[in-house]
Amino acid sequence: MQDITDRPHPSTIRPRDAATLILVRRDSAAPRVLMGKRHEAHKFMPGKFVFPGGRVDAGDCRITAEHALPADVSAKLVSAMKGKPSSARATGIALAAVRETFEEVGLIIGQPGPVPKTRNSAWQHFYATGHVPDLRGLRMLARAITPPGRPRRFDTRFFMADAASLANMDAPVVPETDELLTPHWVSIEDALQLDLPWITGQILGRLRDALENPDPFGTQRPVSYQYKRGKNWKYETL
């Protein structure tokens with residue numbers, strides 16, 4: 001009973017930093033994105049189709065990215081950052097997107113190179129491929145915070161990257177988890193017909209608009225930022 005009494009009420013839970021990566025494949029008539037179905041046994045969003053991603057681990061902020069995040073992308077991540085804003089934390093958030101993508105679908109956003117030593121087991125697996133993370137191709141698409149009252153809350157940054165920059169697009173490493181079942185490359189229109197979390201549908205709409213730009217992976221553009229205050233969603237631009 002004491003454990004239940006002391007447990008934070010969902011309305012007071014502080015959102016945790018999280019990162020998602022939307023990989024866009026442009027080698028067919030219509031752009032395709034990588035999505036996977038979450039395992040039905042998961043407590044969080046079971047059976048939903050999502051992009052690779054997850055919460056930021058402390059170890060992500062201790063990893064050095066030899067191929068650093070572009071300054072304009074880092075600036076967007078630092079903008080309106082909760083807690084203590086820093087470029088190091090921005091890098092950690094971007095690295096979490098790279099790590100989660102590797103863990104869940106076995107795809108490497110990196111370049112061959114001498115790998116550093118680390119005690120972090122997740123990054124040891126990544127480095128075992130002979131690659132170091134490459135953040136140069138990441139662009140920030142959106143940011144959204146889970147509304148108060150939910151048992152889990154995340155301050156999620158949605159990144160996008162051109163799949164052509166992957167080190168192993170056609171030869172993924174066997175994933176370390178079964179969190180996403182059989183990822184598929186699907187068009188945005190087909191993706192919108194899947195069983196999606198509400199926010200994922202919102203992000204797909206923003207991605208469709210972004211890809212209409214002649215150079216969607218060029219200089220970092222304004223980023224949509226949404227969160228709920230009271231009963232209403234608030235929308236800002238970073």
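The values are calculated or read from the model by the stated rules, or taken from the named source; none is laboratory data. Not measured: the values here are computed from a predicted model. Glycine gets a Cβ as well: all are built from the backbone with ideal geometry, and neighbour counts include every protein chain shown. Protein only, heavy atoms only, side chains kept; ligands, DNA and RNA dropped before computing areas. Shrake-Rupley method; radii C 1.70, N 1.55, O 1.52, S 1.80 Å.
Looking across region 185-231 at every residue that is part of a loop (DSSP other than H, G, I, E, B) and open to solvent by less than 20 Å² (accessible area, probe 1.4 Å), the one that is modelled with the lowest pLDDT is identified as Pro197. Taken over region 1-29, the criterion of being at pLDDT below 65 and charged (D, E, K, R) is satisfied by Asp3, Asp6, Arg7. Do the conditions hold for Pro175, that is, is it closer than 30 Å to Pro114 by Cα and modelled with pLDDT under 95? Against the criterion (closer than 30 Å to Pro114 by Cα and modelled with pLDDT under 95), Pro175 qualifies. From the list Arg157, Arg136, the lone residue that is under 16 Å from the mean Cα position of the chain (by Cα) and open to solvent by 50 Å² or more (accessible area, probe 1.4 Å) is Arg136.
Among the residues of region 42-52, which ones are open to solvent by less than 80 Å² (accessible area, probe 1.4 Å), in a loop (DSSP other than H, G, I, E, B) and either touching a Leu at 6+ places or on another chain (Cβ under 6 Å) or modelled with pLDDT under 60 (or both)? Correct list: His42, Phe44, Met45, Pro52.
How about region 180-191: which of its residues are touching a residue at least 24 places away in the same chain (Cβ under 8 Å), under 17 Å from Ser28 (Cβ atoms) and not β-branched (Val, Ile, Thr)? Pro183, His184, Trp185, Ser187, Glu189, Ala191 - these are the residues of region 180-191 that are touching a residue at least 24 places away in the same chain (Cβ under 8 Å), under 17 Å from Ser28 (Cβ atoms) and not β-branched (Val, Ile, Thr). Taken over region 15-38, the criterion of being open to solvent by less than 60 Å² (accessible area, probe 1.4 Å), over 25 Å from Ile145 (Cβ atoms) and outside any strand (DSSP E or B) is satisfied by Ser28, Ala30, Pro31. A count restricted to region 103-127 and to residues that are out of contact with any Ser or Thr (no Cβ under 7 Å at 6 or more places or on another chain), modelled with pLDDT of 95 or more and either assigned to a loop (DSSP other than H, G, I, E, B) or within 25 Å of Gly218 (Cβ to Cβ) (or both) stands at 2. The residue pairs whose first member lies in region 192-211 and is among the hydroxyl-bearing types (Ser, Thr, Tyr), whose second member is in a helix (DSSP H, G or I), and whose beta carbons are closer than 6 Å, counting only pairs six or more residues apart or on different chains, do not exist in this structure. Residues in region 109-133 that are without any contact (Cβ under 8 Å) to a residue 60 or more places away in the chain, surrounded by fewer than 23 Cβ atoms within 10 Å (Cβ to Cβ) and touching a strand residue (DSSP E or B) at 6+ places or on another chain (Cβ under 7 Å): Gln111, Pro112, Gly113, Val115, Gly130, His131.
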